[in-house]
Amino acid sequence: MTRLKQDDVAALAAGLEEYNAELVGMTGCSLREIAAHAAGKGDREDGARKFSVAVIPMTCGQGIIESFAESVAGIVNYLGFKTVITENRDVGGVAEAVQNGSEILFMADDDCFIALNLRTGKVSDNGDATGRGYVAGLVQMCGGLKGKNVLVIGAGPVGTSAALALVRVGAEVSIYDIDPPASQRLSGKIIEEGYTAKIAADLESALAEHAIVVDACPAEGFIMPRHISEKTMIAAPGIPLGVQAAGLARISNRLLHDPLQIGVATMVFDVL
Ligand code: 2YC
């Protein structure tokens, strides 16, 4: 899991309106609608207001990421939920949030980023939510994925969640991971769920054979201009971006990529 840097999120909250407009342009759906789809929920505009959300900064491990809590709160607030960032951090922040009547808590240390609904006990993990959220966006961008070949690059938590979400919507999934045993493990999980997936041994030929790609790995700039045609569609939750800068012009309006928005929005709907 790539640790975000302040630069990755510093301008996020201020750019949400523009971000949402781009998303609607690419998928026909708003951030809210994609998140609701990913969580298997209707986007209950009305219900939002009654939930109060708290974001709790966590100092443990490598510590606070400047603008991280503000970005998370900005996204949740943009979706219509009354959101506060606790003054206190860590345990004091949890106490403050509960005493102030917040029902949904967001908190992240170096290894785990969750949303928690205190009333229902529901927990949403960012990695899992991000995988499902990006597939929900890709389904809209591709006008459905049933019977379509999709390459998932990276068999970590986000890639695993994405691959499972893809087979559930009837996509033909191929998996590539730099660590072949990781691809095997993911293929095993998919078979356990009653589906199948192919394992791509070679990335170059896999990219040449697939127009629809999920980049769920932390590698940068390995998707070259030669891998991108007018049919290419990419969902890239992986940080940093796998698409080489030289290829961006070819794919700009068929590329889903953000540091937090789709994952955090899906976490909200998961715990509603
Ligand atoms: O500011 C804070 O509260 C820090 N404790 C936050 C640490 C987040 C570490 N995780 C990440 O940077 C991201 C996750 C958002 C998803 C993947 N990596």
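The values are calculated or read from the model by the stated rules, or taken from the named source; none is laboratory data. Everything numeric here is computed off the predicted structure, so don't read it as measured data. With ideal geometry, Cβ positions are generated from the backbone for all residues, glycine too; neighbour counts draw on all protein chains shown. Protein only, heavy atoms only, side chains kept; ligands, DNA and RNA dropped before computing areas. Shrake-Rupley method; radii C 1.70, N 1.55, O 1.52, S 1.80 Å.
Partners of residue 82 within straight-line reach, counting lysines whose Cα lies under 24 Å from its Cα and excluding those fewer than 8 residues away in the same chain: 41, 50, 122. Across 201, 136, 246, mean-square fluctuation computed from a Gaussian network of the chain (C-alpha pairs under 10 Å connected) peaks at 246. Three principal axis extents of the stretch 85-201 based on alpha-carbon atoms, in descending order, are 51, 32, 23 Å.
Rg and Dmax over the alpha-carbon atoms of the stretch 128-259 stand at 13.1, 40 Å. Highest mean packing comes first when the peptides 102-113, 145-156 are listed by Cβ atoms within 10 Å, giving 145-156, 102-113. Here the chain is treated with +1 on each Lys and Arg Cβ and -1 on each Asp and Glu Cβ, and its dipole about the Cα centre works out to around 760 debye.
Atom-type composition of the exposed protein surface of the chain places 54 percent of the accessible area on carbon and sulfur (1.4 angstrom probe). Taking the empirical scaling 2.2 N^0.38 Å for compact globular proteins as reference, the chain has a Cα radius of gyration ratio of 0.99. In the context of the full set of protein chains, residues of the chain present 45 Å² of accessible surface per residue (probe radius 1.4 Å, heavy atoms only). Spacing of the modelled spin labels on residue 244 and residue 119, each 7 Å from Cα toward Cβ, amounts to 5.2 nm.
Largest GNM mean-square fluctuation among 159, 131, 80, using the chain with Cα springs under 10 Å: 80.
Shown for the stretch 128-259: lysine pairs separated by 8 or more places, or found on different chains, whose C-alpha atoms are under 17 Å apart, numbering 5. Across the stretch 198-272, Cα-Cα pairs farther apart than 17 Å form 46% of the total.
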